[in-house]
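Peer 1: Structure in structure tokens, see below.
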Amino acid sequence: RKEVEQDPGPFNVPEGATVAFNCTYSNSASQSFFWYRQDCRKEPKLLMSVYSSGNEDGRFTAQLNRASQYISLLIRDSKLSDSATYLCVVSRAQKLVFGQGTRLTINP
Amino acid sequence: DAGVTQSPTHLIKTRGQQVTLRCSPKSGHDTVSWYQQALGQGPQFIFQYYEEEERQRGNFPDRFSGHQFPNYSSELNVNALLLGDSALYLCASNGRASYNEQFFGPGTRLTVL
């Protein structure tokens, strides 16, 4: 079983739709949690950190449930520019553990 | 302010050869981590360097080795290349002020024939 699991997709949704990604992690010693975005053939870039209290950045909302070891990302009013692979990431002692990534395509 | 840089951008090698990849961290960062990303997969942690020493290591064979220099730049060496080593190799850096936020370089795409 992989340490970080997420649905690989692909997700194809129309522009303006709301899309949700889910992720689970198996190591309870994980300390920090993130969503990274990776465009085709580019490096991953930090989208947002994830906190137990939930956090929002514009159209993006992330949530962490430590008891269930579950992380989510919600994208509202999706734009064409949101098309990318979204990587669920956990951190222990500065080591990042990535999920497989979920590929999202926003269609006009 | 230059971000993380890596060289070369692309590389083609044959099985059995050796390769060296290079990374310069973001200004002000002292910790460098290397990741391997196979096609369709998320990046996998290879190892991390701090103060010129390997601080921690992922589940990679000894064919993968590295080095960090006094200016914090780093090299990743892979010996006896296998076809399965074909991947995007990513370097990431962070500093004390950004303990958990790692900044990635553009990567080196290695193809082993």
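Rule-based calculations on the coordinates, nothing more; no lab input. This one's a predicted model, so the numbers in the text were calculated from it and none came from an experiment. No Cβ is skipped: glycine too gets one built from the backbone with ideal geometry, and neighbour counts run over all protein chains shown.
Peer 1: How about region B:55-113: which chymotrypsin sites (Phe, Trp or Tyr not before Pro) there are in a DSSP loop, with at most 15 other Cβ atoms within 10 Å of their Cβ?
Peer 2: B:Y99
Peer 1: I would also like to ask the following. For each cysteine in chain A, check whether another cysteine's C-beta sits under 4.7 Å from its C-beta; list those where none does.
Peer 2: Result for chain A is A:C40, no neighbouring Cys Cβ within the cutoff.
Peer 1: Still on this structure, I have one more. Residue farthest toward the positive end of the dipole of chain A, with Cβ of Lys/Arg at +1 and Asp/Glu at -1: which of A:Q69, A:F11, A:S28?
Peer 2: Of the options given, the answer is A:S28.
Peer 1: Test of understanding: ordering A:K45, B:K26 by Cβ neighbours within 10 Å, fewest first, what list do you get?
Peer 2: Fewest-to-most Cβ neighbours within 10 Å comes out as A:K45, B:K26.
Peer 1: OK, next. Work through the residues other than A:R59 whose Cβ is under 10 Å from its Cβ and net out their charges, Lys, Arg +1 and Asp, Glu -1.
Peer 2: -2
Peer 1: How well do other chains shield peptide A:41-50, expressed as the mean number of their Cβ atoms within 10 Å of each residue Cβ?
Peer 2: The per-residue average across the peptide is 4.
Peer 1: Read phi for every residue in region B:16-28 and hand back ³J(HN,Hα) as whole Hz from Karplus 6.51 cos²θ - 1.76 cosθ + 1.60, θ = phi - 60°, with x for Gly and Pro.
Peer 2: Result, rounded to whole Hz: x, 6, 10, 9, 10, 10, 10, 8, 10, x, 4, 4, x.
Peer 1: Around A:L104, which amide H atoms from residues at least 5 apart in sequence, or from another chain, sit under 5 Å from its own amide H, with H modelled in the peptide plane?
Peer 2: Under 5 Å from the amide H of A:L104: A:F11, A:A84, A:T85, A:Y86.
Peer 1: Moving to a separate point now. Amide H neighbours of A:L47 under 5 Å, counting only residues 5+ apart in sequence or on other chains, H built in-plane at 1.01 Å?
Peer 2: Here the answer is A:W35, A:Y36, A:R37, since their amide H atoms fall under 5 Å of that of A:L47.
Peer 1: Using the Karplus curve 6.51 cos²θ - 1.76 cosθ + 1.60 with θ = phi - 60°, what ³J(HN,Hα) values do you get for each residue of region A:61-66, in whole Hz, with x for Gly and Pro?
Peer 2: In residue order, the calculated couplings are 10, 10, 9, 10, 10, 5 Hz.
Peer 1: Mind listing P(r) for region B:43-86? All alpha-carbon pairs, 10 Å bins, whole percents.
Peer 2: All Cα pairs, binned at 10 Å, distribute as 26, 54, 19, 1 percent.
Peer 1: When B:H10, B:H67, B:H29 are ordered from fewest to most other Cβ atoms inside 10 Å of their Cβ, what list results?
Peer 2: The order, fewest Cβ neighbours first, is B:H10, B:H67, B:H29.
Peer 1: Suppose every Lys and Arg Cβ carries +1 and every Asp and Glu Cβ carries -1, with no other charges. What dipole size does chain A come out with about its Cα centre, to the nearest 20 debye?
Peer 2: Approximately 300 debye in magnitude.
Peer 1: While we're looking at this one, here's another question. Over chain A, what is the mean sequence separation of C-alpha contacts under 8 Å (at least six apart), divided by residue count, expressed as relative contact order in percent?
Peer 2: 38 percent.
Peer 1: From Cα pairs below 8 angstrom and at least 6 apart in sequence, can you work out the relative contact order of region B:38-86, rounded to a whole percent?
Peer 2: The normalised contact order for region B:38-86 reaches 28 percent.
Peer 1: Taking amide H positions as placed 1.01 Å from N in the peptide plane, with prolines and chain starts having none, which residues 5 or more places from B:T5, or on another chain, fall under 5 Å of its amide H?
Peer 2: B:S24
Peer 1: Here's a follow-up. Using θ = phi - 60° and the Karplus curve 6.51 cos²θ - 1.76 cosθ + 1.60, what whole-Hz ³J(HN,Hα) does each residue of region A:38-47 get, with Gly and Pro shown as x?
Peer 2: Using θ = phi - 60°, the values come out as 10, 7, 3, 6, 10, 7, x, 10, 5, 8 Hz.
Peer 1: Sort out for me the Cα centre separation of region A:12-46 from region A:82-108, rounded to whole Å.
Peer 2: Region A:12-46 and region A:82-108 have Cα centres spaced 3 Å from each other.
Peer 1: For chain A, compute the orientation-averaged projected area of the C-alpha convex hull (one quarter of its surface), in nm².
Peer 2: Reported value for the Cα convex hull: 6.6 nm².
Peer 1: With contacts defined as alpha carbon pairs under 8 Å and 6 or more residues apart, what's the relative contact order of chain B in percent?
Peer 2: Reported as a whole number, the value is 37 percent.
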